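The values are calculated or read from the model by the stated rules, or taken from the named source; none is laboratory data. Note that the structure is a prediction, hence the values are computed from the model and not measured. Every residue, glycine among them, receives a Cβ derived from its backbone with ideal geometry; neighbour counts consider all protein chains shown. These accessible areas exclude ligands, DNA and RNA; they are computed on the full protein's heavy atoms, side chains included. Shrake-Rupley method; radii C 1.70, N 1.55, O 1.52, S 1.80 Å.
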Amino acid sequence: MPILVTGGAGYIGSHTCVELLNQGYEVIVLDNFANSNPEALTRVEEITGKTMKAYHVDLLDRESVKEVFEQNKIESVIHFAGLKAVGESVSVPLYYYQNNITGTVILCEVMQEYGVKNLVFSSSATVYGTPDKVPIKEDSKLGATNPYGRTKQMIEEILRDVAFSDPSWSISLLRYFNPIGAHQSGRIGEDPNGIPNNLMPYISQVAIGKRQQLQVFGNDYPTKDGTGVRDYIHVVDLAIGHLRALEKVQSIKGIEAYNLGTGIGYSVLEMVETFRKVSGRPIPYELTDRRSGDISTCYADPAKARDELNWQAMRGIEQMCKDSWRWQYHNPNGYNKAFSKQNIRNDRNPVRYAAGFFNV
Ligand code: NAD
Ligand code: UD1
């Protein structure tokens, strides 16, 4: 029976679709392409040699979401769809609350209506806010510090209430640390809009010559070299973590949160140096003030995912940088912009991109 992947055309979703298809799952994607391109789905099919159905649907459009459940006998849902830009969430919080929270509530209501109660949810290490201590365990106190992070924290609470009210639900809350890297084919990867906010896409764009230099936000943190420390995790390891979580929700009821990280922290300057080495390109940088809202150090204690999901990150930092660079090098402008988001949004007719692409 098929797995519904909301936000399946996005960065983490597309990599997860590859792993699902490779494992023989039937995959159905639901995405509004607000922050992605259908070309990613075509490439997922190309990488795997398998096909999947994709629906151009917004989660806020309840009737269309219902139609997807009506047309398919969905067994479980992996829910990536959401907006994720921290700065934007501060400027337009209601848009974030509406899209992320209302979207998730509608999804769960429709799931309940159709008796689908297995859910893997994309949460984030951002729910921990400023951690008391590292490595961070799942029972650390939560305290997101911006509207984006609060949408994740609130959704976690909503899902706990749902699981408590009806014990037939099975839910995994996956708290990702810092996903980077790309599929080793170099065909899918992260394709940020405009100026990247996150470190790795920024470094990649400096390496390819699209941006002049990196700004390193702060060198006075209490870390090994004064720059911020994070737990970077290869997106393919992360994708595989979703398969383990899926197996878990398919077999055991209840709700659990899991950290998906490596347990190792790297500083900004260590990342710059590793990227320089694997790409052979200079990465000029300047040291600037701290970025408001940043924390000093954040890395996971991933033991719970190891013990309960039988999952561990396997790919190291060089591999992460190598794969990010291969994607950037071969796709300097990301996905084929011929499939412009504007065209997709206005297109209400069923269109086939590669094997299957449907409007309801
Ligand atoms: P992404 O933006 O690449 O993918 C999200 C996808 O969801 C996009 O394809 C977008 O078009 C779609 N989407 C958004 N709102 C939608 C809606 N209302 N209806 C249908 N589709 C919608 O982001 P990503 O990096 O792949 O992240 C996936 C999930 O993981 C997100 O929920 C994000 O908040 C979470 N997350 C990401 C990171 C990270 O660093 N990338 C870290 C922690 C958590
Ligand atoms: C950011 C978000 C977080 C989100 C995560 C993954 C903020 C405050 N936090 O976290 O909510 O879950 O991305 O999407 O935006 N850095 C530079 N120069 C840059 C970019 C980053 O020095 O141009 C540094 C940062 O200060 C940090 C590290 O690189 O020390 C990683 O930054 P980033 O990739 O943005 O991730 P987070 O800050 O962990």
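Close amide H contacts of W311 (hydrogens built in the peptide plane, cut-off under 5 Å, sequence separation of 5 or more or a different chain): R306. Mean separation of Cα pairs under 8 Å and 6 or more residues apart, divided by the residue count, gives the range 1-82 a relative contact order of 43 percent. Quick one: which residues, 5+ away or cross-chain, put their amide H under 5 Å from the amide H of L287? H built at 1.01 Å from N. The answer is V216. Taking V5, V90 and ordering them by how much accessible surface each has at a 1.4 Å probe, largest first, produces V90, V5.
Note on the range 71-217: with neighbouring protein chains present and a 1.4 Å probe, carbon and sulfur make up 51 percent of its accessible heavy-atom surface. With q set to 0.27 Å⁻¹, the log10 of I(q)/I(0) for the range 37-107, from the Debye formula over equal scatterers at the Cα positions, is -1.21.
For the chain, the longest principal axis of the alpha carbon atoms and the long axis of helix 103-113 meet at an angle near 30°.
Computed over protein heavy atoms with a 1.4 Å probe, the accessible surface of the chain works out to 43 Å² per residue. Of interest is the spacing of the C-alpha centroids, which for the range 94-141 and the range 147-207 amounts to 10 Å. Along its first, second and third principal axes, ordered by size, the range 193-329 spans 50, 34, 26 Å in Cα coordinates. Calculate the FRET efficiency for Y114 and N198 from the Cβ-Cβ distance with a Förster distance of 56 Å, rounded to the nearest 0.05. It comes out at approximately 0.95. Pick from Y232, Y55, Y95: which is most flexible by mean-square fluctuation in a GNM of the chain where alpha carbon atoms under 10 Å apart are linked? Comparing Y232, Y55, Y95 in the GNM, the peak value goes to Y95.
May I ask for the distance between the Cα centers of the range 242-265 and the range 14-28, given as a whole number of Å? Cα centroid to Cα centroid, the span is 17 Å.
Taking label positions 7 Å along the Cα-Cβ direction at both K137 and E318, the computed distance is 3.4 nm, reported to one decimal. Across the chain, C-alpha contacts under 8 Å between residues 6 or more apart give a mean separation that, scaled by the residue count, equals a relative contact order of 22 percent.
The HN-Hα couplings worked out from phi for the range 312-326 by the Karplus form 6.51 cos²θ - 1.76 cosθ + 1.60 (θ = phi - 60°) are 8, 5, 10, 9, x, 5, 5, 4, 4, 5, 4, 6, 4, 5, 4 Hz, whole numbers, x standing for Gly and Pro.
Note on the range 90-232: Kirkwood hydrodynamic radius from all Cα pairs is 17.9 Å, rounded to one decimal. Over all distinct alpha-carbon pairs, what is the Kirkwood Rh of the range 212-262 in angstrom? This gives a value of 14.2 Å. Taking a straight Cα-Cα cut-off under 20 Å and skipping sequence neighbours fewer than 8 places away in the same chain, the aspartates and glutamates within cross-link reach of K50 are E19, E26, D31, E39, E75. Less than 5 angstrom separates the built amide H of V120 from those of V77, I78, H79, S172, all sequence-distant by 5 or more or on a different chain. Estimated purely from DSSP H runs of n ≥ 4, each contributing -39500 (n - 2.57), the mean residue ellipticity at 222 nm for the chain is -11000 deg cm²/dmol once divided by its residues. Diffusion of the chain by Stokes-Einstein, at 10 °C in a medium of 1.306 mPa s and with Rh set to the Kirkwood radius over alpha-carbon pairs, works out to 77 µm²/s. For the range 260-311, the Kirkwood radius over C-alpha pairs fed into Stokes-Einstein at 10 °C and 1.306 mPa s yields D = 115 µm² per second.
Enumerate the lysines that K152 could reach by cross-link, defined here as Cα to Cα under 23 Å, with residues fewer than 8 away along the same chain left out. Within the straight-line cut-off, K152 pairs with K84, K117, K133, K137, K141, K248, K253, K304.
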